[in-house]
Structures are given as structure tokens and as C-alpha cells.
Amino acid sequence: MDENNSSEYQFIKETIKERPLNKKKILTRVIMVLICALLFGAVSAGVFILTVRQYLTERGDGIDPVNIPMDEEMVSADEEPEEPAEESGEEPVKEEETGVSGNTAETDEAASEESTAETPSEGVSADKTEKKIVSYNITEHVSLSVEDYKSLYRTLKGVATEVGRSVVSVTTVVNDTDWFDNSYEDSNTVSGLIVANNGKDLLILAEMPATDEDMELKVTFADGATLPGDVKQDDPETGLSIISVPLESISEETAKEIKEAELGNSRGSNIVGLPVMALGAPLGIQGSQCFGRTTGNQREISFPDKNIHVLSTDIYGSENATGVITDYDGNVIGIISGDTAMDDMPNLISGYAISDLKGMIERLSNGSSGCYLGIYGTDVTPEINEKEGVPLGLYVTRVALDSPAMSGGIQSGDVITRLGTADISSLSDYTEQLMKYQPGDEAVITVQRYSQGEYQEMTFEIDFGKTGEVREELKGADTNR
């Protein structure tokens, strides 16, 4: 190529420059990313709260929820249905009991006569002859010696000592001043019962006086160790409270000497006449013990939204008695309270039947104040339903003044048949369903109301109140005094 013409074929040289930054566009993208992140976080938080809200409510700060199984009605041995006889094609064997005086000759003669009576008569098949088995009960009189009585009471003392590991003394101390500005301490001591352990605190049930902000609690255990406690939750109607003592404050030595109480079953007719012990302070003195029998469990005390049966005994004690009633197996079947005593027999020990308290103990142990509607009621029995035509359910005997039930429209004479979506056939059903709600919740109550000569179904929307709010009465009315 001619050098003179090389300039005609020179390549064009270009410089590529970077596009200038669009700050406005970058800022817009950053803002969009932040908005998406916030939206994603909000949705995630909402889903998390909705899915674990109930779990967090029950667990709290690593606290195990207390669960106390409810009791069923006990059936006595006499009421148990007999098992049907096996189908073997043979007649059922009849058993007769014959008293025998112990004379051998008379016994042999009676046996001979019975044998003769069982011989099949002429013309009758032996296979069709009814067989009889005669059993002889020979009773021997046994005299108990002083040593036998000593052994018996040593055994009872052993049972009482074992139950005593669950019994504590709770002392309330209030600092006050007299008319001359002199400071003094006012103290009161009652017996309590260790009912649960939630993994953080030891929980104690006791009948407490009205709580005071300046009140100091001291709990004394079976080994004599005394530790401070706090009222976790209380029930203003019965006066029963749950007191908590931190587990970390309890020494290993004390932990070995105490235990949670065994709660028994106080329902059923076979509980009457049961040998029992009263422990705690049945004589008004801590550590006292009394022995006797139960005399009844059918009397009830009516409270707002619940009825509690009274377990009575023939044990003579103090009008200021506190503590527990326990059977000889060491099961607690009653909580002693002066509020359950009969007016004409104030010195006979009685208490709240434990089966009716289990739901309340569970609620108070979990720190729940409980719901309040203010309904007093009783069951509509099948007999009343058939005879009077009253629908089955909870019959409202009265409604507390200024209560949520009265504000919602419930009246005396109504029969509650449904609470929310649950059918109500008795007061126990109503109380059980009430435990599933929290103060401030709403529910629809379905009732049957007598109007124009017949019962008509009506529904009411009710806002649940909080147990312990100001109401007409704080104490129940005994329905069978």
C-alpha cells in the first residue's frame, strides 16, 4: 500500500464513557426495597403472633401451666351393675347364707337335711334340678388389746405425718400504728396446702384475709423452714388464694421434706361415713390433728357463677379452724373453712369439697382472675323436666345487681341451654365453659324463657366481666343451711 494514501484508511478512534449515575432512580429503588422489607416483617410478625399467641399466654415467662384433672361422680359398690351370667345353658347358681351357732352336730344335721332336699324327686331329671350352695359364716369375737389400739393410732399418725409434708403455715404480717403513733405488727396464721409446682414457683392454697398492699407473707414448711411468699391470685367469693414461693429460695433439705398434695374425689354418696382426719389447725393450733367421719356432702353454698358442695364431719374443733380434711389413704377431700359451718353447730369441722375446687385451683394457679357474669343457678333435674315441663339446663334463680348478666338481659327464671357453641345441661357444664373465656370476651347465651304459657328460645350477647369486680355480694348464700 502506498504510504502516501495510508491516511485515507485510518480507523476512527472512540472513547466510551460510563453513563452518569441516576441518583433519583437509585433512591427510588432503595425506598421500594425498604418498603417491601417492612411489609414482609409486618406480615411475618402478624402470622407469628396469631399462631403462638395462645401458647405464649399459657406459658408466660417459661412457666409450666398447671393442669388439675376434674373428678367424675363416684359410684359405690352397692350401685355397681352386676355382670351378666355367662351363657352356658345352665341355671344360675343360687347362694344362701345360713347363720351357724358353732355346734358341729347341728351343722352336720343341717347339711344332711340340705343334701336330702337337693335329691331329685322321682320322675324329675337330675340335670334340671336347681343346685344350691350353702355357705356358713362363722363369726368369732375378737378382743382388742391396748397394744392393738396403740398400733392403730401409730399407723394413723404415720399417714397424718405423710400428708403433713404438704401442709404449711401461712402468716400474714401487717405493720400499723396505734393512737399514740407507736408502731406494731398485726399477724394472723392459717394453714395452707401445697397444690402445684409450675417450674418456677411452689403454689400453695390457703384461705386468706382481705389482702393489703403492705401485708407481708411468711410460709413455714413441714421442716420448720420459713420463706417469704406472695399472693399470686385470689378468689374473692370463697376467700381462697394461691400463694407462690420461688423454687430458687427453697433449699435442697426443705425440698426433700415437702411434697405436693394428693387431691382426692369428694363426689358420690359413698363418701358419707368415710373415716377422715382433720389436719393443719382444726383446733385453732398449728399442727393439731383430729379424727372422725364424714357426715354429708350434699349441702351447697351458692356463689356467682358456681355452687360449691360442703363436706361436713362429726369432728369437734375450733370455730377458727383452718387446714384440710383427708381420708386414711392420704387424699385431701376438703379444705376447712369457717364459712361452711352450720349456724347451729359452729364447732363441727366442715369445708369446701375438693372436687368442686379443682377448676378454681387450676385457674388461680395459672394466674387467671376468671370471668364473671353474676348468675346464681341450679340444675334442672330430669324429674322436674318431666313433671313441670321446665327445659333441661341451668335454671337461673337470681342475677346479681349491676352484673354483666343483668346488663345483657338475663333474668331470674331463665333456663340457660347454651353458652357460645357449647350445650349447657347443668351448672357444672356452665362453670366448665366459663373457664374457657377471659375478661372482656363476648359470647352469645341461649336461654329458654317462659312467656305466654310456654318456653321460648332467646339469645343474648354478653360481655364477660372480671372476677373480683364490685358486685352486689362478695360472699355466697348457703342454699341448704
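Read the figures in this text as sums done on the coordinates, not as results from a lab. If you're wondering where the values come from, they're calculated on a predicted model, not measured in any experiment.
Odds and ends about this structure:
- Rg/Rh (Cα only; Kirkwood hydrodynamic radius) as it applies to the range 167-257: 1.01
- Between the range 399-470 and the range 152-225, the alpha-carbon center distance in angstrom: 37 Å
- Pairs beyond 20 Å (Cα-Cα), from Lys200/Lys306; Lys306/Lys358; Lys358/Lys436; Lys157/Lys218; Lys232/Lys358: Lys200/Lys306; Lys157/Lys218
- Added length on full extension, which subtracts the Cα-Cα distance from 0.36 nm per residue, Arg293 to Thr220: 23.4 nm
- Gyration tensor analysis over the Cα atoms of the range 371-478 returns equivalent ellipsoid semi-axes of 22, 15, 13 Å (largest first, whole Å).
- Calculated over the range 269-365: convex hull of Cα atoms, volume per residue (Å³): 104 Å³
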